[in-house]
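K.L.:
This is the structure I want to talk about, given as C-alpha cells.
Please treat every number below as a calculation from the coordinates, not as lab data. Computed from a prediction, not measured in an experiment: that's the story for all the values here. All Cβ positions, even for glycine, are placed from backbone atoms using ideal geometry, and neighbour counts span all protein chains on display.
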Amino acid sequence: MSDAESTLITGIGELISNDGEPDDGQPDDGEPENGLPGSFAAMTDAALVIAGGKVAWTGPASRAPAADAVVDVAGRAVLPGFADSHAHLVFAGERSAEFAARMAGRPYQAGGILGTVEATRAAPDAALRANLRRLAAEMLRQGTTTFECKSGYGLTVPDEARGLALAAEVTPEVTYLGAHVVPPEFAADPAGYVDLVCGPMLDACAPSARWVDVFCEDGAFGADEAAAVLAAGQAAGLHARVHANQLGPGPGVRVAAEAGAASADHCTFLTDDDVDALTSTPVVATLLPGVEFSCRQPFPQARRLLDAGAVVALATDCNPGSSFTSSMPFCIALAVREMGMTTEEAVWAATAGGARALRRTDIGHLGVGARADLILLDAPSHTYLAYRPGVPQIAAVWQAGSLVAGAVP
Ligand SMILES: [Zn+2]
C-alpha cells in the first residue's frame, strides 16, 4: 500500500484500541500521559481506516468514511500488535537437554547461560543472523509487531558489539546486556569484568543500542555493580532497564527505581518496599511468565502489583535457556490462568504495557495517529487468546499499514 492509498477495515466484531479515557485520575491506570497509550478500550461493530501507515480513523462501522480499499473482516476481533519488550534472540545452540533435566527435578541456575555463550562466540555471523531472523519471523506470525532484542551471549567486546549490530538489523529496540553474567575468563576478577562492561565494551556497543540492561541477581551482578553499569550506559546516552528479582528477593527493583529505568523485568519475588517502588515511580513491572512456566517456578504476583497500582507489561523473555517461547498469546494465557489477570489486563499488558516499557507512544494502541500495527484474530474477541490457549488464532498482521503475515480469511 502506498502512502496515498487508504484502507478501510470494517466488520470488526471487537476493536481493542487501548485508547480509553482516564478513569480515576490515578497515574497507574493506563490513562494517556505524555502521549502514552490509554486504558483498555473495546468497541463492537467497529471499523478502522489506515492511511500513510497510520491509524487515520476509528469508529462505528455504520459511520465509516470511504477509502481506496475495503476489507471486511466479518465479525473478527482487531487489536494492536503485541509489543514484546524483553527478548534475547542473538544466540547459537539450544538447551533442550537442560530443560528436560530441569523438568526431571534439577533446579535452574544462571550458570546455564555460559553454554549459550560458548556456542554464540563460536558461531559465524551468518548463523546468528539466520537464527535471529527465524525467531523474528516467528514472532511476527504470532502478532508481535515490535520486539526488543538484547545482547548478552557474547561477553567480549567484539562479540557483544557483533550481537548488537545484528539485532539492530531487525529492530530499533536494541539492548546492551554485557552485564548478563560474568564470563568464565573473569571468574576470578568480576570487578574487572564490570570495568570492561562500563568501559571499552560500552564504547563499542553504545552506537548500536538504545538501552542498557543488567542482570541484577545473586550469581550475576549485585546492587552496586548493577548501578554502575546503568550509570555508565546512561552517560553514554542509553536508557536503563533491569533484570530484577527473578530468582529470589533482591535489590533489582530498587536499583531500577533509583536509576530511573523504564522497566524492571521479572519481578517474581517482591517485598512490599519493591511494590511501593513500582507504584511510586514510572518504572513498569514487566512480567515474563514463560520463565516461570519453563522453570517450574511460582508465577509473579500480577494481582498484587495491579491492585497496588503498578503498570504491568507482559513479555516473552524469549531465550534458549529459561523461556524458549516467542508467543505473546501463550504469555497472555498464562497471565490470565496463573497470575490472576483479567483478559483485558493481560491484553493491555501485552500491547500498551509493552509500549510503555519501551517508552513508545506510537505503538501499543490504535488511537488516531498511532502506527498501524494491528492483529486480526480469527475469533470474535480478545478473550479467545486465553480461552483457546495453544491454538493459532492470529489470522493476519499489519505493520505500519502493510499486511506482513497471514491473510484475511
Ligand atoms: Zn531476560
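K.L.:
Angle between the Cα long axis of helix 125-141 and the longest principal axis of the chain, 0 to 90 degrees, nearest 10?
P.N.:
Approximately 40 degrees, to the nearest ten.
K.L.:
Normalised by the empirical 2.2 N^0.38 Å for globular proteins, what value does the Cα Rg of the range 355-409 take? If you can, show how the numbers build up before the last one.
P.N.:
On the way: Rg = 12.6 Å, N = 55, 2.2 N^0.38 = 10.1 Å.
Scaled against compact globular proteins, the figure is 1.25.
K.L.:
Now for a separate question. Any idea what the alpha-carbon Rg over 2.2 N^0.38 Å comes to for the chain?
P.N.:
On the way: Rg = 20.6 Å, N = 409, 2.2 N^0.38 = 21.6 Å.
Dividing the Cα Rg of the chain by 2.2 N^0.38 Å gives 0.95.
K.L.:
Once the Cα gyration tensor of the range 210-337 is diagonalised, what are the square roots of 5 times its eigenvalues, in whole Å and ordered largest first, as equivalent ellipsoid semi-axes?
P.N.:
Values for the range 210-337, descending: 22, 16, 13 Å.
K.L.:
Just to be sure I understand the model, the point goes 7 Å from the Cα along the line to the Cβ. What's the resulting ALA104 to ASP68 distance in nm?
P.N.:
5.9
K.L.:
What does the convex hull of the alpha-carbon atoms of the range 106-189 project to on average, in nm²? Write out the running numbers ahead of the final one.
P.N.:
Values: hull surface 26.6 nm².
Computing the convex hull of the Cα atoms and averaging its projections yields 6.7 nm².
K.L.:
Here's a follow-up. Could you run the Karplus curve 6.51 cos²θ - 1.76 cosθ + 1.60 with θ = phi - 60° over the range 194-201 and give me ³J(HN,Hα) per residue in whole Hz, x for Gly and Pro?
P.N.:
Listing the rounded values in order: 4, 4, 5, 4, 8, x, x, 5 Hz.
K.L.:
Would you please report the Å³ per residue occupied by the convex hull of the alpha carbon atoms in the range 137-236?
P.N.:
On the way: hull volume 10.2 nm³, N = 100.
Per residue, the Cα convex hull of the range 137-236 comes to 102 Å³.
K.L.:
If amide hydrogens are placed 1.01 Å from N in the peptide plane, which non-local residues have theirs closer than 5 Å to the one on ASP72?
P.N.:
Residues meeting the criterion, in which the H sits 1.01 Å from N, are THR10.
K.L.:
For all pairs of alpha-carbon atoms in the range 51-93, what percent lies in each bin of width 10 Å, listed from the first bin to the last filled one?
P.N.:
For the range 51-93, the binned pair fractions read 15, 41, 20, 16, 9, 1 percent.
K.L.:
Would you please report the Å³ per residue occupied by the convex hull of the alpha carbon atoms in the range 247-287?
P.N.:
Values: hull volume 2.2 nm³, N = 41.
For the range 247-287, the hull spanned by Cα atoms encloses 55 Å³ per residue.
K.L.:
Can you give me the angle between helix 328-338 and the longest principal axis of the chain, using Cα atoms only, in degrees from 0 to 90, rounded to the nearest 10?
P.N.:
Approximately 80 degrees, to the nearest ten.
K.L.:
Something else: What Kirkwood radius, in Å to one decimal, follows from the Cα pairs of the range 158-208? Please report the intermediate quantities before stating the final value.
P.N.:
Details: mean 1/r = 0.0876 Å⁻¹.
Kirkwood hydrodynamic radius for the range 158-208: 11.4 Å.
K.L.:
Please list the non-local residues whose amide H lies under 5 Å from the amide H of LYS150, H modeled 1.01 Å from N, same-chain partners needing a gap of 5 or more.
P.N.:
Counting only residues 5 or more places away or on other chains, the set is ALA87, HIS88, LEU89, VAL90, THR175.
K.L.:
Where q = 0.11 Å⁻¹, what log10 of I(q)/I(0) comes from the Debye formula for the range 63-144, counting one point per Cα?
P.N.:
-0.53
K.L.:
Along each principal axis of its Cα atoms, how long is the range 318-409 end to end? Whole angstroms, biggest number first, please.
P.N.:
Projected onto its principal axes, the Cα set of the range 318-409 covers 35, 34, 29 Å.
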